[in-house]
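Working notes for the structure below.
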Amino acid sequence: MRFYYTFLLLLAFSGVAHTQLIIGAENAPQIGDKWAIYVDFVPSADFPVPAVGADIAYDFSSFGDLIEEELGIAFKDISDDSISTATVREVPVGTGEPALDDLPASALLLDYELLSNDGSGNVLSLPDVIDVTDDGVFVLVTSDLAIVEDEVAVVYEALPFPRLFLEFGLRPGDTRTSNTTNTTINEELNVEDSTSISRTRTYVGNGSLKTWFAEYEEVAVIKEVFQVRFYTRPIGSTDPFSIAGVQTNISYEFLRAGSFAPVVDYSFDTSNAETQPVPERVRISISRPIRLTNVETVSAAALGLSVSPNPAVEAVSVTFEQRVAGPVRLRLVDAAGRVVLTRDAGTLPAGTHQVPLTLPAGLSAGTYFVQLVSDGGAAAVSLLVGDR
């Protein structure tokens, strides 16, 4: 039931042909962020496996017309108080729950509030604890349902090691793989069991994305192959383990700038990790922002954003259109998503503005991104910095 959120995006412009997203720490989850979550299993014939590549137009707007089985109305017509949600909160203190003790000060609670399927309107909370560091987003604690004293209860599990959700600095074509193995003894069955888990995430493409509630000019597409292999052999045997089963899940996450949650998560279980045959029905989860602490990302053209000279060596002039009066902040970001310079331009009236930006001394030559953040939106353009 849990959607695997990964993300944190910086909208960046690469070259002059098209835009791309560099996954970075610019839009980390913040307390108060909230999304409505729409989930359904749909025919793969109606929603084929997404194509991947550069500058592909994706359209999931028809998902909003599907009828939610319990409510009997279209997803697009469901009110916020009648849908499952995910909310970023402070980690509670004094709960008496050991898994929530001794957490870093930067830890956050990602609270999945799931509506009951019995029509009662009851809400079930399944929180995870996440941490945002300079390297990425990590999961520290997970939760699940279990039978405790003949009643269904939420139980927490503190992970032995932080589990990486997303490594900052990912760029198109990057691949990250993790592998873990766990061996246990089952004396009742007189067998030794081994479980091998592998997760491979690849930045496979980018493009635009359309839903029934918004259109995004740029999204990154991350493909994940998650596989669990089960092995067994008799206790005390020195023979190789025999494979007892394999479970493989394929997912495509569509990440947009300005939101921790992927807009779309398209996933399915498959019987073969190599050929990846698609079943008749696939799972689609769509996250609609209810409340975000950051501003909406728009195109550079919409804000009239440009820099000159470009290439530059010591300083540039940043030109932009201020849609509404309000504070303006400029950032210079490197190709790995690290902020190397921040300048608060103050509160500016609506209209066209030019703001000088002096480049830091000792800045290495290469491609950077000038980002504008204001009440009217956020956008970025590429900047080539030369040798001094």
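The values are calculated or read from the model by the stated rules, or taken from the named source; none is laboratory data. None of the values given here were measured: they were computed from a predicted structure. Ideal geometry is used to build each Cβ from the backbone, glycine not excepted, and the neighbour counts take in all protein chains shown.
Things to note:
- The residues in region 237-278 that are under 29 Å from ASP193 (Cα atoms), in contact with a strand residue (DSSP E or B) (Cβ under 8 Å, 6 or more places away or on another chain) and not β-branched (Val, Ile, Thr) can be counted, and the count is 18.
- Residue within region 178-189 that is farther than 30 Å from THR232 by Cβ and either surrounded by fewer than 17 Cβ atoms within 10 Å (Cβ to Cβ) or hydrophobic (A, V, I, L, M, F, W, C) (or both) present: no
- Any hit, region 304-314, residues being modelled with pLDDT under 85 and surrounded by 14 or more Cβ atoms within 10 Å (Cβ to Cβ): no
- Output for region 83-100, where each listed residue is of a type outside the set (A, V, I, L, M, F, W, C) and either touching a Leu at 6+ places or on another chain (Cβ under 9 Å) or not assigned by TED's automatic domain parsing to the domain that holds ILE67 (or both): SER84, THR85, THR87, ARG89, GLU90, PRO92
- Any hit, region 56-79, residues being farther than 22 Å from ARG291 by Cβ, at pLDDT below 90 and among the hydroxyl-bearing types (Ser, Thr, Tyr): no
- Hey, ASP135 at pLDDT below 90, surrounded by fewer than 14 Cβ atoms within 10 Å (Cβ to Cβ), within 22 Å of PHE254 (Cα to Cα) and of a type outside the set (Lys, Arg) or not: yes
- Counted residues, region 154-188 - those being under 30 Å from PHE369 (Cα atoms), in contact with a Phe, Trp or Tyr (Cβ under 7 Å, 6 or more places away or on another chain) and either assigned to a strand (DSSP E or B) or touching a residue at least 60 places away in the same chain (Cβ under 8 Å) (or both): 7
- Qualifying position, being more than 30 Å from GLY236 (Cα to Cα) and in contact with a helix residue (DSSP H, G or I) (Cβ under 8 Å, 6 or more places away or on another chain), among THR142, THR211, THR200: THR211
- Subset of region 329-388 that is part of a strand (DSSP E or B) and acidic (Asp, Glu) - its residue that is modelled with the highest pLDDT: ASP344
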